[in-house]
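Working notes, beginning with the structure itself.
The values are calculated or read from the model by the stated rules, or taken from the named source; none is laboratory data. Fair warning: this is a prediction, and the values are worked out from it, not measured in the lab. Counting neighbours? That spans all protein chains shown, and the Cβs are built from the backbone with ideal geometry, glycine included. The area values use the complete protein model at the heavy-atom level, side chains included, leaving out ligands, DNA and RNA. Shrake-Rupley method; radii C 1.70, N 1.55, O 1.52, S 1.80 Å.
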Amino acid sequence: MDKKRCQWAEGSFEEYIRYHDEEWGVPVHDDKVHFEFLILEGAQAGLSWSTVLKKREGYRSAFADFDVNQVAEYPDTMVDELLQDSGIIRNRLKIAGAITNARKFLEVQKEFGSFDHYIWGFVNHKVIHGHWEAMSDVPATTPESDALSKDLKKRGFKFVGSTIMYAHMQATGLVNDHTKDCFRYQELLGT
């Protein structure tokens, strides 16, 4: 019998289903993964997650396997070079924002010891478990994502609106927003 999944993953392409089953909502404590999702979620702004997911390997290649130190060293001329890369979403502001965010990410690491410690502070270092019957019940933002977004903007980050940051929180398991009928919901309750 097939497993019951969140509605957004039902009947989707294999990579999307695998993302739902193996990654989405799993608590992340690795700064490299946080940096990856900061880039990917920022790239998604105004687009579908499936569009970004299909270009994930292109982003991995274009952004030094999500090595924040290398990306922070990208010269401004790198934006023009990356605009020619069909493996990523070719948007000047998003590309420049990713490079800016790498530099700001390093500042947060220096101040807090890790980006992970910083971001988990917005949920008191504990997963927030939603209790949603349907995806239509899941909010687009929360007070926690509002606070995170406001703080990141104050620090000079780009493409970090509350909706984007809530998506980051969902992706990296700060919140468990699988619907209650999804097989992953119960699996992640113990996290």
Looking at region 152-191 only, could you name the residues that are of a type outside the set (Ser, Thr, Tyr), part of a helix (DSSP H, G or I) and farther than 20 Å from residue 99 by Cβ?
167, 169, 170, 171, 183, 184, 186, 187, 188, 189
Return the residues of region 28-47 that are without any contact (Cβ under 8 Å) to a residue 40 or more places away in the chain and more than 16 Å from residue 157 (Cα to Cα); say none if nothing qualifies.
32, 46
Would you be able to tell me the number of residues in region 160-187 that are open to solvent by 10 Å² or more (accessible area, probe 1.4 Å), of a type outside the set (Val, Ile, Thr) and touching a residue at least 60 places away in the same chain (Cβ under 8 Å)?
6
Residue pairs meeting the criteria (Cβ under 9 Å; at least 6 apart or on separate chains; first without any contact (Cβ under 8 Å) to a residue 40 or more places away in the chain and at positive phi, in region 48-67; second β-branched (Val, Ile, Thr) and open to solvent by less than 60 Å² (accessible area, probe 1.4 Å)):
64/71; 66/33; 66/39
Among the residues of region 80-90, count how many are in a helix (DSSP H, G or I) and farther than 14 Å from residue 42 by Cβ.
2
Of these, 47, 106, 93, 53, which one is modelled with pLDDT under 95 and assigned to a helix (DSSP H, G or I)?
53
If you go through region 77-89 one residue at a time, do you hit one that is farther than 24 Å from residue 179 by Cβ and small (Gly, Ala, Ser)?
yes
In region 1-47, the residues that are under 15 Å from the mean Cα position of the chain (by Cα), at positive phi and open to solvent by 40 Å² or more (accessible area, probe 1.4 Å)
46
Tell me, yes or no, whether region 88-101 has at least one residue that is among the small types (Gly, Ala, Ser), under 16 Å from residue 32 (Cβ atoms) and open to solvent by less than 80 Å² (accessible area, probe 1.4 Å).
yes
Within region 128-146, is there a residue that is part of a helix (DSSP H, G or I), under 14 Å from the mean Cα position of the chain (by Cα), modelled with pLDDT of 95 or more and crowded, with 22+ Cβ neighbours inside 10 Å?
yes
Of all residues in region 65-79, which are open to solvent by 20 Å² or more (accessible area, probe 1.4 Å) and either within 29 Å of residue 122 (Cα to Cα) or assigned to a loop (DSSP other than H, G, I, E, B) (or both)?
65, 67, 69, 70, 73, 74, 75, 76, 77
Do the conditions hold for residue 28, that is, is it under 27 Å from residue 113 (Cα atoms) and either aromatic (Phe, Trp, Tyr) or part of a loop (DSSP other than H, G, I, E, B) (or both)?
yes
